[in-house]
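These notes concern the structure reproduced below.
The values are calculated or read from the model by the stated rules, or taken from the named source; none is laboratory data. If you're wondering where the values come from, they're calculated on a predicted model, not measured in any experiment. Because the Cβ atoms are built from the backbone with ideal geometry, glycine has one as well, and the counts that use them run over all protein chains shown. Note: accessible area is taken over every heavy atom of the protein model, side chains too, but ligands, DNA and RNA are not part of it. Shrake-Rupley method; radii C 1.70, N 1.55, O 1.52, S 1.80 Å.
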Amino acid sequence: MSIHGGIALDLKRLARLRYCDDVELLCTAEAGFLGQSLEDELNRRGMTLGHFPSSIYCSTLGGWIATRSAGQMSSLYGKIEDMVVAAELVLGDGQLVRCDGSSAANLLDLFLGSEGTLAVITAATLRLHRLPRHRILRGYRCASVSDGCAAIRRLMQTGLTPAVVRLYDELDSLIQTAGDQRRQGTGLPGRLLRYLFSSTGEGSRSGRQHRLLAAALSRAGMLNGVARQAVARLGNGCLLIVGTEGEPALARAMAEACHEELLSSNAIDLGPDLGDHWYQHRYAVSFKQSQLLTTGILTDTMEVAATWDNIPELYRQVRAAAGKHALVLAHFSHAYVEGCSIYFTFALPANPPREARERYDHLWHDALSAVVRSGATISHHHGVGLSKSAFMADEHGEGMALYRAAKRLCDPRGTLNPGKMGL
Ligand SMILES: Cc1cc2nc3c(=O)[nH]c(=O)nc-3n(C[C@H](O)[C@H](O)[C@H](O)COP(=O)(O)OP(=O)(O)OC[C@H]3O[C@@H](n4cnc5c(N)ncnc54)[C@H](O)[C@@H]3O)c2cc1C
């Protein structure tokens, strides 16, 4: 969205694979390539980029690089910035520049995550991997968010490299396993929640359920309280999905080592079904969120990140701040040795529109203030755009002056995404 003028560019026809080599495992692709089309093209040649954002069917290579995107298998393959070796860019004055990241003296990093404010990315050279021949996924149950985070931290710090690590908080776990009768408990709050959230992701809730859910969401504080009681009563804990992939012997050995490590962290093995179910539906939920709008429910997501020591406080603070305005659920993904990302999902009523807008603005303001207060970063992989712009100065302080100087050099007339990223 352009609020300060600017130009709109559609790069989708800039979608050629200029170069691809299965010996050095590198390719050069143009920036308008749609994510899944690029991955299909590489798969036909026996390779993969290893980048699987939930938006893979609707986002482009250029957009990934411009926002430092993270895929669902980032624990093994890294984020997009780990895959980019070089980039071709057009600066604001039309100058074509090539940045080679393999040189010790390179400027590539300046442009990764610059969200179109410094240059238009037109092509990139990317590291590739041979297609994995084997994949193993498994579900585990952790008693609580803090137990689950501790288990993930230990897993990553032992040096293991699972491909997928996703921990859902108690409420999100309930929704993830909503169709699984074996994991459903009793009690009025539990039954109410299941009723509200049954068939989440399937788009098959009735009109009555939607109206009830929208009404409940308008009293978010109370609903979050009921939800907390319900999940405590159900005692289902938190669902953890762990997956490994690669050559069969390696994937199996890695899965076995992860399994042992998780059991020693008191995680309970739930078997392969939930892991396989997650894999089969791994792109489904995000795409269905916008459809909810037609039913009077607005959902949005916010991804932030922190070091492990800060994760519990970050989770608590954002939930408390956002919970006044919306129902809040979260999952923990993109795990590293030093910390991980938290992906919050908010649900709030979409009507009446003006009230919804106010509620939405308060939600973002309060949630981001909590992020900054707890010392976490405001964006892990969705970028800053407009929604998080006001908080750039809080996060980067003096660094903003450097960024402004870079903007003046790269885009002297201020044509590129004016007003974005707090500039
Ligand atoms: C359903 C859904 C699921 C999502 N899941 C994920 C996920 O799992 N992981 C994740 O990282 N993100 C996710 N996202 C967010 C988003 O898709 C990604 O951040 C993606 O990287 C953006 O790519 P895009 O092509 O859609 O860029 P756009 O949204 O079109 O643009 C994003 C920003 O980058 C700039 N930009 C785009 N292309 C270029 C270019 N060639 N040169 C310079 N600047 C450019 C734009 O101006 C804009 O500021 C999701 C989004 C949706 C809607």
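For Val328, indicate whether it is under 21 Å from Ser54 (Cβ atoms), at pLDDT below 95 and among the β-branched types (Val, Ile, Thr).
For Val328, the condition - under 21 Å from Ser54 (Cβ atoms), at pLDDT below 95 and among the β-branched types (Val, Ile, Thr) - is not met.
Across region 128-143, what is the number of residues that are within 21 Å of the chain's Cα centre (by Cα) and either of a type in the set (A, V, I, L, M) or surrounded by fewer than 18 Cβ atoms within 10 Å (Cβ to Cβ) (or both)?
1
Let me spell it out: the conditions are (1) more than 13 Å from the ligand (Cβ to nearest atom); (2) buried (at least 20 other Cβ atoms within 10 Å of the Cβ); (3) part of a loop (DSSP other than H, G, I, E, B), and Thr117 meets all of them except one. Which number is the exception?
Only one criterion in (1) more than 13 Å from the ligand (Cβ to nearest atom); (2) buried (at least 20 other Cβ atoms within 10 Å of the Cβ); (3) part of a loop (DSSP other than H, G, I, E, B) is unmet by Thr117, namely (1).
Can you tell me which residue among Leu409, Leu423 is surrounded by fewer than 19 Cβ atoms within 10 Å (Cβ to Cβ) and more than 23 Å from Gly323 (Cα to Cα)?
Leu409
Residue-wise test of (1) surrounded by fewer than 22 Cβ atoms within 10 Å (Cβ to Cβ); (2) touching a Cys at 6+ places or on another chain (Cβ under 9 Å); (3) among the polar types (S, T, N, Q).
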| residue | (1), (2), (3) |
| --- | --- |
| Leu14 | yes, no, no |
| Glu41 | yes, yes, no |
| Cys58 | yes, no, no |
| Ile65 | no, no, no |
| Asp82 | yes, no, no |
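For region 144-152, indicate whether the set of residues that are open to solvent by less than 50 Å² (accessible area, probe 1.4 Å), part of a helix (DSSP H, G or I) and at pLDDT below 95 is non-empty.
no
Those residues that are out of contact with any His (no Cβ under 9 Å at 6 or more places or on another chain) and more than 20 Å from Gln72 (Cα to Cα), I need them from region 240-261; list them, please.
Correct list: Ala253, Glu256, Ala257, Glu260, Glu261.
Does Val97 qualify as being under 19 Å from Asn417 (Cβ atoms), among the β-branched types (Val, Ile, Thr) and away from the ligand (no atom under 12 Å from the Cβ)?
yes
If a residue counts only when it is modelled with pLDDT of 95 or more, crowded, with 20+ Cβ neighbours inside 10 Å and away from the ligand (no atom under 16 Å from the Cβ), which helices (runs of 4 or more DSSP H) contained entirely in region 229-321 have at least 3 such residues?
248-264
Please list, ordered by first then second residue, the pairs with beta carbon atoms under 9 Å, 6 or more apart or interchain, first in region 388-402 and under 18 Å from Leu110 (Cβ atoms), second of a type in the set (Phe, Trp, Tyr) and at pLDDT 95 or above.
From region 388-402, the pairs are Met392/Tyr403; His396/Tyr403.
Taking region 93-114 as the search range and keeping residues that are aliphatic (A, V, I, L, M) and assigned to a strand (DSSP E or B), which one is surrounded by the fewest Cβ atoms within 10 Å (Cβ to Cβ)?
Leu96
Being closer than 19 Å to Met302 by Cβ, of a type outside the set (A, V, I, L, M) and surrounded by 15 or more Cβ atoms within 10 Å (Cβ to Cβ) is true for just one of Gly414, Gly383. Which residue is that?
Criteria check complete, one pass: Gly383.
May I ask you to verify whether Val337 is open to solvent by 20 Å² or more (accessible area, probe 1.4 Å), β-branched (Val, Ile, Thr) and at pLDDT 95 or above?
Yes, satisfied.
Being away from the ligand (no atom under 15 Å from the Cβ) and touching a Phe, Trp or Tyr at 6+ places or on another chain (Cβ under 8 Å) is the filter here; which residues of region 120-136 pass it?
Passing the criteria: His129, Arg135.
So, in region 379-423, how many residues would count as being basic (Lys, Arg) and more than 19 Å from His365 (Cβ to Cβ)?
Qualifying residue count for the region: 4.
In the set Thr377, Thr345, Thr415, which member is in contact (Cβ under 8 Å) with a residue 12 or more places away in the chain, farther than 28 Å from Gly6 by Cβ and of a type outside the set (A, V, I, L, M)?
Within the list Thr377, Thr345, Thr415, the selection yields Thr345.
Out of (1) open to solvent by less than 20 Å² (accessible area, probe 1.4 Å); (2) modelled with pLDDT of 95 or more; (3) in contact with a His (Cβ under 7 Å, 6 or more places away or on another chain), what's the single condition that is false for Arg166?
For Arg166, the failing item is (1).
Show the residue pairs that are 6+ apart or on different chains and have beta-carbon atoms under 6 Å apart, the first residue being within region 72-84 and free of Cβ contacts under 8 Å to residues at least 40 places away in the same chain, the second being more than 10 Å from the ligand (Cβ to nearest atom).
Pairs that qualify, where the first residue is free of Cβ contacts under 8 Å to residues at least 40 places away in the same chain and the partner is more than 10 Å from the ligand (Cβ to nearest atom), are Glu81/Leu112.
Find all pairs meeting these conditions: Cβ atoms under 8 angstrom apart; at least six residues apart or on different chains; first residue within region 36-48 and within 17 Å of Met73 (Cα to Cα); second residue open to solvent by 50 Å² or more (accessible area, probe 1.4 Å) and not in a strand (DSSP E or B).
Partner pairs satisfying both residue conditions: Gln36/Tyr57; Asn43/Leu131; Met47/Asp22; Met47/Leu131; Thr48/Leu131.
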